[in-house]
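Q: One structure, as structure tokens, below. Some questions next.
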Amino acid sequence: QRDGTDVIKLDDDLQKSLDEYNAQNEGSQYKAAISATYAHDIKDQISELQKALLEGLLAVLIIGSIIIAIRASIITVIAMLTTLAIALGLLFAVGYTLNTITLFSLILCLGLIVDDTIIMVEAIDAQRRRKKNASDVVQTATRKVSRAMIAATTTAALSFAPLLFVGGILGGFIRAIPVTIISALLISLLVALIFIPFFAKYLLLGKKQLGASNVHEPAASVEAKIASFIGKPMLWARNSKKKLFGVGMIAVLIGGLFIGSGMFLFSKVTFNIFPPSKDTNGLMVQLNFMPGTTIEQAQTVTNRADQITANTLGDNFKSAAYYTNASTQSATLVTYLTSYKDRDVTSVQLASDLKSEFKDFKGAKVEVNQMDIGPPTDAFKVNIESDNRDAAYRLANDLKGYLDGLELKRISGEKAKVLSPDVSSPDVFSRDDGKLHITVSAKFDGTDTSALVTLAQDAIKKEFNEEKLRNYGLDKNVIKFDLGQEQENQDSFGTLIMAFPILLCVIYLVLCMQFRSLLQPLLIFMAIPFSLFGITLGLYLTDNAFSFFSMLGFFALIGLSIKNTILLTDYANQLRRTGESAVDAAVGALAERFRPLVATSLTAVASLIPLMLSSPFWEGLTVVLIFGLLSSTILVIFVFPYYYLGAEYLRLRVSRKACLLWLGLTILVTLALSKAGVSPATAPLVAILVALLQFTFAKVRTSRRSRTA
């Protein structure tokens with residue numbers, strides 16, 4: 001197969017040729033068949049993603065019809081289809097094909113591009129109740145929401161930019177995701193501002209559909225009552241500073257409680273860059289033959305292994321082949337299962353059943369693993385680099401004894417064990433970059449490989465320190481960790497972690513220019529910690545690890561959640577410019593933007609649910625998005641208006657110089673604590689403490705000046 005070949009078309013052509021060959025040689029005792037192909041898996045994945053895409057669009061139509069209006073939801077779906085069509089054309093123009101990654105990206109786009117479309121459609125729908133001229137409706141609606149839409153879309157697009165710079169195999173694997181999503185987001189903004197008014201002219205802005213008397217939407221009155229109920233405490237307290245301070249502190253404490261709970265749950269979630277899927281369509285049966293095994297003996301052993309595999313899997317077995325993965329030392333039987341949509345038992349259970357059947361297998365040591373992304377759970381290897389083989393083997397055997405049954409304590413307090421440590425044969429001489437080494441390998445009894453690998457490394461470094469290595473007559477640098485693909489995965493994941501604060505700084509600067517404020521962008525960022533509780537709760541309840549894909553979901557969530565706070569802040573600012581008080585502006589913003597805020601969040605969640613339910617591979621990512629968005633939306637609706645009031649109070653009383661000083665001190669203290677081993681997640685708490693210190697210092701200074709006067 002040449003690079004760039006369509007795998008599915010190639011498989012179809014090969015199968016057609018084989019069918020013709022078998023027909024021509026029908027009387028022969030031989031039959032030709034394709035023993036190995038990726039086409040079937042790719043077809044299943046594409047079919048699954050296409051179904052999820054259609055179900056997501058249907059969910060948008062249904063939710064939009066309930067929350068806004070049927071005609072408005074039809075416009076939303078048409079606009080989304082227009083965006084996807086233009087995005088596909090652009091991808092084709094730059095050389096991308098329609099594959100599992102681009103299809104998944106388009107599904108993820110549903111939750112992102114629905115924002116611009118619904119915000120614009122809802123704004124037009126709201127104005128048509130107040131005006132009777134179609135042009136006035138479009139102009140007023142565009143003026144009110146365009147600023148917020150541009151800010152929200154820009155931040156959402158920026159949140160995916162770090163993925164463009166991930167290197168290695170992983171970077172090549174995911175490169176299409178940020179390209180597809182950033183393109184679709186920018187296109188969705190243009191579609192919302194240009195095409196939606198055109199669509200609305202024919203579907204929503206007819207003469208009989210303008211004016212309050214011609215608009216009948218039962219959901220609108222219900223939504224208005226809910227928004228009014230949420231805003232009542234602010235209206236009750238607006239004429240009393242004490243009452244306002246009291247309800248504000250309650251809201252701040254509620255927000256802090258949720259953020260704190262999220263941080264607590266974070267320690268309960270396992271960490272694994274590429275965790276094993278909960279179900280896959282393939283298993284690998286690895287046979288390591290006994291020393292001295294001949295090719296004939298190996299064939300006999302594999303025949304027995306084939307029979308055990310087929311009998312154990314039963315009706316769940318589809319096909320299997322060794323293709324190029326067999327020798328007198330080892331053999332790997334790649335086994336395909338019937339689709340997880342058509343069987344009741346998971347691949348995890350089937351792998352466990354096979355392990356039990358091979359427990360006392362004669363002639364080879366057998367390991368069974370899922371065909372999955374990332375390295376297997378036994379990927380932990382330690383190389384001892386030295387030409388002094390006697391000393392190196394003494395160290396290797398002592399290291400093996402140390403690792404045997406070693407308990408590793410996770411952050412959550414749960415423990416895992418190191419299992420089956422082994423030392424490479426003295427008869428085998430292995431070199432890496434010309435350096436002779438002996439290998440000690442082991443595996444773990446847990447699936448959170450990335451976390452356990454790190455804990456095992458730390459334990460070995462602590463036990464076999466420089467002084468102890470000197471007793472073996474070996475240099476301090478003889479121990480090298482060989483993590484294979486896991487090392488590259490950790491480096492790629494580390495790139496994302498490093499990119500996160502840079503990303504926030506860039507988004508902050510963009511929002512500063514957009515809102516012409518140093519404080520309000522920080523206020524808008526509150527949507528991110530608000531989502532923490534939902535993220536950690538969702539991962540914990542669904543038993544998913546914090547992984548590369550959940551990190552990918554978190555980057556997508558940044559744009560989605562910040563959009564909510566941008567919507568409220570932008571409209572509150574508009575009301576403030578008309579002379580409204582801070583309380584009236586906050587209440588008015590909640591009343592005006594409650595509907596699009598809820599509509600965009602619920603439709604985004606609904607569009608992702610089909611993928612979460614149908615694909616174990618993408619479950620962790622969708623859980624982060626769904627639970628994180630729900631958590632952020634709820635807190636933004638109930639708590640964020642009070643944060644806005646607090647920010648307005650500070651904005652009128654704190655100078656820009658003091659704000660810059662606070663920001664600089666917060667960053668410096670957070671960096672200092674991070675170097676001391678304190679989690680960067682404490683930044684919000686640091687910010688509050690720095691603000692209190694500044695406030696106290698300012699009060700003391702004011703009091704001294706007063707006494708002096």
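Q: What FRET efficiency comes out for LEU257 versus ARG516 if R0 is 22 angstrom and r is the Cβ-Cβ distance? Round to the nearest 0.05.
A: Once the sixth-power term is evaluated, E becomes 0.10.
Q: Something else now. On full extension of the chain, what length is gained from ASP3 through SER420, given 0.36 nm per residue of separation minus the C-alpha to C-alpha distance?
A: 146.1 nm is the gain from fully extending ASP3 to SER420.
Q: Still on this structure, please answer the following. Starting from the 7 Å offset along Cα-to-Cβ, what nm value, one decimal, do you get for the label separation of LYS462 and ALA85?
A: It works out to 6.2 nm between the two label points.
Q: To continue, here is another question. Binning at 10 Å from 0, report for the range 39-178 what percent of all alpha-carbon pair distances ends up in each bin.
A: 11, 33, 33, 17, 6, 1
Q: Given H placed 1.01 Å from N in the peptide plane, which residues other than close sequence neighbours of PHE546 have an amide H under 5 Å from its amide H?
A: Under 5 Å from the amide H of PHE546: THR270, PHE271, ASN272.
Q: Report the local net charge at GLU55: Lys and Arg +1, Asp and Glu -1, summed over other residues whose C-beta lies under 15 Å from its C-beta.
A: Neighbour charge sum, excluding GLU55 itself: +1.
Q: Among the trypsin sites (Lys or Arg not before Pro) in the range 1-34, which ones are in a DSSP loop with at most 12 other Cβ atoms within 10 Å of the Cβ? Mind listing them?
A: Here the sparse-neighbourhood loop sites are ARG2, LYS31.
Q: Okay, next question. Excluding residues fewer than 8 places away in the same chain, name every one of the aspartates and glutamates whose C-alpha is closer than 12 Å to that of LYS476.
A: Hits, sequence-local ones excluded: GLU385, GLU466, GLU467.
Q: Under 25 °C and 0.890 mPa s, how fast does the chain diffuse according to Stokes-Einstein, given a Kirkwood radius computed over C-alpha pairs? Answer in µm²/s, whole number.
A: 84
Q: Can you tell me the length gained on complete extension of the stretch ALA93 to LEU14, counting 0.36 nm per residue apart and subtracting the Cα distance?
A: Length gained between ALA93 and LEU14: 25.5 nm.
Q: Moving to a separate point now. Between rounded, prolate and oblate, where does the range 249-392 land on the alpha carbon gyration tensor, with a ≥ b ≥ c its root eigenvalues, rounded for a/c under 1.5, else prolate if a/b exceeds b/c?
A: Verdict is oblate for the range 249-392.
Q: Residues with amide H under 5 Å of LYS417's amide H, sequence separation 5 or more or different chain, H placed in the peptide plane at 1.01 Å from N; which?
A: Hits under the 5 Å cutoff: LEU408, ASP445, GLY446.
Q: Any idea what the relative contact order of the chain is, in percent, if you count C-alpha pairs under 8 Å spaced at least 6 apart?
A: Once divided by the residue count of the chain, the mean separation gives 18 percent.
Q: Go through 38-44, 452-458 and give me the packing order, highest mean Cβ count within 10 Å leading.
A: Going by the mean number of other Cβ atoms within 10 Å, highest first, we get 452-458, 38-44.
Q: If the cut-off is a Cα-Cα distance under 17 Å, which lysines reach LYS131, setting aside same-chain residues fewer than 8 apart in sequence?
A: LYS144, LYS201, LYS207, LYS208
Q: Here is a further query. Apply the a/c threshold of 1.5 to the C-alpha gyration tensor of the range 535-575 and tell me whether it is rounded, prolate or oblate.
A: Prolate, since a/c reaches 1.5 and a/b exceeds b/c.
Q: Please state the equivalent ellipsoid semi-axes for the range 1-101: what are the square roots of 5 times the Cα gyration tensor eigenvalues, largest first, in whole Å?
A: Ellipsoid half-lengths, sorted descending, are 42, 17, 10 Å.
Q: So for the range 464-595, what are the equivalent ellipsoid semi-axes in whole Å, largest first, each being the square root of 5 times an eigenvalue of the Cα gyration tensor?
A: 47, 18, 12
Q: Ranking request for peptides 534-540, 314-320, 60-66: highest mean number of other beta-carbon atoms within 10 Å first, then the rest in descending order.
A: Result, highest mean Cβ count within 10 Å first: 534-540, 60-66, 314-320.
Q: Still on this structure, I have one more. With θ taken as phi - 60° and the coefficients 6.51, -1.76 and 1.60, list the Karplus ³J(HN,Hα) couplings across the range 104-118 in order, rounded to whole Hz; mark glycine and proline as x.
A: With coefficients 6.51, -1.76 and 1.60, one gets 4, 4, 5, 5, 5, 4, 3, x, 9, 6, 5, 4, 4, 5, 5 Hz.
Q: If you take the beta carbon distance between ARG130 and SER240 as r and set R0 to 41 Å, what does 1/(1 + (r/R0)^6) give as a FRET efficiency, to the nearest 0.05?
A: 0.80
Q: If I stretch the segment between ASP482 and ARG470 completely, what's the gain in nm (0.36 nm per residue apart, minus their alpha carbon distance), one decimal?
A: Using 0.36 nm per residue and subtracting the Cα-Cα distance, I get 2.1 nm.
Q: How large is Rg/Rh for the range 401-500, to two decimals, with Cα atoms and a Kirkwood Rh?
A: Rounded to two decimals, Rg over Rh is 0.99.
Q: Mind giving me the nanometre distance, one decimal, between the label points for ASP353 and TYR393, set 7 Å out from Cα along Cα→Cβ?
A: Result for the modelled spin labels: 4.4 nm.
Q: How large a share of the accessible area of the chain, in percent, is made up of carbon and sulfur atoms when the probe is 1.4 Å and the other protein chains stay in place?
A: 60
Q: List the lysines whose Cα sits under 30 Å from the Cα of LYS242, skipping any in the same chain fewer than 8 residues away.
A: LYS225, LYS232, LYS657, LYS699
Q: OK, next. Please name which of ALA416, LEU399, PHE444 has its Cα lying farthest along the dipole of the range 368-459 towards the positive end, using unit charges on Cβ (Lys, Arg +1; Asp, Glu -1) and the Cα centre as origin.
A: The Cα lying farthest towards the positive end belongs to ALA416.
Q: Net charge around VAL598, counting only other residues with Cβ within less than 12 Å of its Cβ (Lys, Arg = +1; Asp, Glu = -1)?
A: 0
Q: Between ASP404 and ILE46, how high is the FRET efficiency from 1/(1 + (r/R0)^6) when r is the Cβ-Cβ distance and R₀ = 35 Å? Nearest 0.05.
A: In this case the efficiency is close to 0.15.
Q: Another question about this same structure. Can you work out the Karplus-derived ³J(HN,Hα) for every residue in the range 279-294? Use 6.51 cos²θ - 1.76 cosθ + 1.60 with θ = phi - 60°, whole Hz, and x for glycine or proline.
A: With the stated coefficients, the range 279-294 comes to 7, 9, 9, x, 10, 10, 9, 9, 10, 10, 6, 5, x, x, 5, 8 Hz.
Q: Now a separate question. In the neighborhood of ASN388, defined by Cβ-to-Cβ distances under 12 Å, what is the net charge if each Lys or Arg adds +1 and each Asp or Glu adds -1?
A: Residues near ASN388 contribute -2 overall.
Q: Is the shape of the range 216-294 rounded, prolate or oblate, going by the alpha carbon gyration tensor and its root eigenvalues a ≥ b ≥ c, with a/c under 1.5 for rounded and a/b larger than b/c for prolate?
A: Oblate, since a/c reaches 1.5 and b/c is not below a/b.
Q: Go through 78-87, 412-421 and give me the packing order, highest mean Cβ count within 10 Å leading.
A: Those peptides, ordered most packed to least, come out 78-87, 412-421.
Q: Using amide H atoms built in the peptide plane, which far-off residues or other-chain residues are under 5 Å from SER330 H to H?
A: PHE289
Q: Give the angle, between 0 and 90 degrees and rounded to the nearest 10, that separates the Cα long axis of helix 656-675 from the longest principal axis of the Cα atoms of the chain.
A: Compared with the principal axis, the helix lies near 20 degrees.
Q: Given labels modelled 7 Å from the Cα in the Cβ direction, how far is it in nm from PHE264 to ILE150?
A: Calculated label separation equals 4.4 nm.
Q: Separate question: Pop out the ³J(HN,Hα) list for the range 332-345 in order, Karplus 6.51 cos²θ - 1.76 cosθ + 1.60 with θ = phi - 60°, rounded to Hz; leave Gly and Pro as x.
A: 10, 8, 7, 10, 9, 9, 5, 4, 5, 6, 10, 9, 8, 9
The values are calculated or read from the model by the stated rules, or taken from the named source; none is laboratory data. Keep in mind that what you see is a predicted model, and the values were worked out from it rather than measured. Cβ atoms come from the backbone with ideal geometry, glycine included; neighbour counts cover every protein chain shown. Side chains are part of the model used for accessible areas, which takes the heavy atoms of the whole protein and leaves out ligands, DNA and RNA. Shrake-Rupley method; radii C 1.70, N 1.55, O 1.52, S 1.80 Å.
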